[in-house]
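The values are calculated or read from the model by the stated rules, or taken from the named source; none is laboratory data. Values in this document were obtained by computation on a predicted structure and should not be read as measured data. Cβ placement follows ideal geometry from the backbone for every residue including glycine, while neighbour counts extend to all protein chains displayed. The area values use the complete protein model at the heavy-atom level, side chains included, leaving out ligands, DNA and RNA. Shrake-Rupley method; radii C 1.70, N 1.55, O 1.52, S 1.80 Å.
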Amino acid sequence: MVVGAFPMAKLLYLGIRQVSKPLANRIKEAARRSEFFKTYICLPPAQLYHWVEMRTKMRIMGFRGSAIKPLNEEAAAELGAELLGEATIFIVGGGCLVLEYWRHQTQQRNKEEEQRAAWNALQDEVGRLALALETLQAQTQATPSLSALEELRAELQEMRAQVCNTHSAPKCQAASSKK
């Protein structure tokens, strides 16, 4: 089962949005039943919404300066409850979007930090290898070259030859055959 293809967070957000619809319906019912809720929470936004809607319609039709009658209390309570329910669904959906955005940003930040750490590790490794290379180059330059070794070997053979000339010949032949 591939978890990455269908993230659990998205499923959770979808579930929350589906739960918000019945929640909005309960809020609407409570707004219709409670006098305080109806008077102070539902009626003012409903009257404002009605006033803006009617003012816009009147201006579109060319009537300017016409007085707009407020809604009766029952219609305003119903409109206010609907507005409150829709606002609840909208707020829950917007909250889900914000949470998803925040989750994505956190994942992106973590990914960038991992890439930065990997980059720093690679830079450290390159630095360590460069230091090892410099050390090896210094050691190579410090050791005599192959031609210098051949010169030393030739000088050694000359010295042996000179020593052999001064000493007996059978010992020199035995020494030179051991090489």
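Scanning the range 51-82 for residues that are touching a Lys or Arg at 6+ places or on another chain (Cβ under 7 Å) and either free of Cβ contacts under 8 Å to residues at least 24 places away in the same chain or in a loop (DSSP other than H, G, I, E, B) (or both) turns up just one, Ile68. For the range 145-179, filtered to residues that are surrounded by 10 or more Cβ atoms within 10 Å (Cβ to Cβ) and in a loop (DSSP other than H, G, I, E, B), the residue that is modelled with the lowest pLDDT is Ser145.
Here Lys57 meets each of (1) at pLDDT 80 or above; (2) open to solvent by less than 70 Å² (accessible area, probe 1.4 Å) with one exception, condition (2). Any chance the range 9-22 includes a residue that's open to solvent by 100 Å² or more (accessible area, probe 1.4 Å) and aromatic (Phe, Trp, Tyr)? Within the range 9-22 (the criterion being open to solvent by 100 Å² or more (accessible area, probe 1.4 Å) and aromatic (Phe, Trp, Tyr)), the answer is no, since none of the residues qualifies. Among the residues of the range 28-50 satisfying the criterion of being open to solvent by 70 Å² or more (accessible area, probe 1.4 Å) and hydrophobic (A, V, I, L, M, F, W, C), which is modelled with the lowest pLDDT? It comes out as Phe36. Checked against (1) at pLDDT 85 or above; (2) closer than 30 Å to Arg33 by Cβ, Leu136 meets all criteria but (2).
Against the numbered list (1) modelled with pLDDT under 85; (2) in contact with a helix residue (DSSP H, G or I) (Cβ under 9 Å, 6 or more places away or on another chain); (3) over 19 Å from Gly94 (Cα atoms), Leu23 comes up short only at (3).
For Asn72, only one of the following conditions fails: (1) of a type outside the set (Ser, Thr, Tyr); (2) surrounded by 10 or more Cβ atoms within 10 Å (Cβ to Cβ); (3) within 30 Å of Arg26 (Cα to Cα). What is its number? Among (1) of a type outside the set (Ser, Thr, Tyr); (2) surrounded by 10 or more Cβ atoms within 10 Å (Cβ to Cβ); (3) within 30 Å of Arg26 (Cα to Cα), Asn72 violates only (2). Selection of the range 90-116 for residues being open to solvent by less than 50 Å² (accessible area, probe 1.4 Å) and closer than 17 Å to Val19 by Cβ yields Val92, Gly93, Gly94, Gly95, Cys96, Glu100.
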